[in-house]
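FYI, it's all coordinate maths here, none of it is from the lab. Everything numeric in this text was worked out from a predicted model, so none of it was measured. Virtual Cβ from ideal backbone geometry, glycine too; neighbours counted across all protein chains shown.
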Amino acid sequence: MLEVSDVSRQFGGVYALRDVNLKVAEGELRGIIGPNGAGKSTLFNLISGHLPADHGTVSYNGARIDRLAAHRRAALGIAIVFQAARIFRGMTVRENVMVGSHASTGAGFLSAVLRLPAHRRDERLIRERADAALGRVGLADWADRPAETLPLGQQRSMQLARALCADPKLLLLDEPASGLRATEREALSALITELHETGLTIMLVEHDVAMVTRLADRITVLDLGQVIAEGTPEEVRGDQRVIAAYLGEEVAT
Ligand SMILES: Nc1ncnc2c1ncn2[C@@H]1O[C@H](COP(=O)(O)OP(=O)(O)OP(=O)(O)O)[C@@H](O)[C@H]1O
Ligand SMILES: [Mg+2]
């Protein structure tokens with residue numbers, strides 16, 4: 001489904017990613033791990049189109065997408081939940097999920113300003129999609145609450161719902177469990193598993209190696225912008241280079 005070939009990206013002469021090759025099969029849940037600064041978020045931004053690569057290609061369902069803008073890739077079914085995604089305070093959970101969907105319905109800015117019928121139809125459609133997505137993540141009863149009153153675990157589910165509005169086929173999750181308590185992590189893990197079981201292809205960046213080990217079909221390990229290991233969780237866990245890269249950090253427990 002996804003093929004990243006020889007992709008490199010530098011920032012100020014330093015490689016954030018260097019000659020990265022990666023293939024993800026449809027229906028797979030791929031874990032991406034690696035120390036801070038390994039290039040994990042950069043990889044996601046190159047796949048979703050929020051950053052251009054200096055070199056290399058990205059293909060999705062057999063077609064090159066690396067020259068497409070982020071919104072075009074989103075329309076093809078690639079959704080990203082950014083690391084430390086922000087919430088809109090003072091807006092309800094539903095409104096937070098609706099934000100960002102407007103670009104994908106088509107009636108456009110002018111009709112929104114003039115509140116033309118096409119816009120009202122769009123609003124209704126977006127609202128229906130948002131409510132469906134909130135249902136999928138178990139937040140149907142929280143839709144009218146101010147977003148900032150949600151516990152952190154539910155705020156992460158809300159970010160997931162926002163991504164699900166676009167009905168993605170490939171979902172990129174960048175450290176969705178950071179800062180969560182153990183019970184919230186478990187709930188989020190269960191939700192990710194559920195989404196995976198509906199057929200969604202998922203790439204999961206996470207520092208919690210134990211969580212990734214439990215969820216992922218395969219794991220890719222990045223270090224200093226390069227893929228240093230890839231395989232099943234069992235294979236990766238025993239890899240000497242992975243253990244070395246994580247020295248001083250918590251290795252799979
Ligand atoms: N916009 C940017 N400008 C300059 N340097 C950047 C930028 N984005 C990333 N980098 C650098 O590229 C490297 C990879 O960063 P990236 O954010 O992809 O790492 P990461 O694996 O996601 O780390 P973390 O686990 O801390 O989120 C780092 O050295 C980082 O400082
Ligand atoms: Mg990151």
TODO: For residues that are aliphatic (A, V, I, L, M), under 16 Å from the mean Cα position of the chain (by Cα) and within 16 Å of ligand 1 (Cβ to nearest atom), tally how many sit in the range 192-210.
DONE: 3
TODO: Could you pull out every one of the helices (runs of 4 or more DSSP H) wholly within the range 1-102 that has 1 or more residues that are more than 16 Å from ligand 1 (Cβ to nearest atom) and not aromatic (Phe, Trp, Tyr)?
DONE: 70-75, 93-98
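Yes/no per residue for (1) farther than 25 Å from Leu76 by Cβ; (2) out of contact with any Lys or Arg (no Cβ under 6 Å at 6 or more places or on another chain); (3) not in a helix (DSSP H, G or I):
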| residue | (1), (2), (3) |
| --- | --- |
| Asp167 | no, yes, yes |
| Thr183 | yes, yes, no |
| Ala190 | yes, yes, no |
| Thr213 | yes, yes, no |
| Val221 | yes, yes, yes |
| Val227 | no, yes, yes |
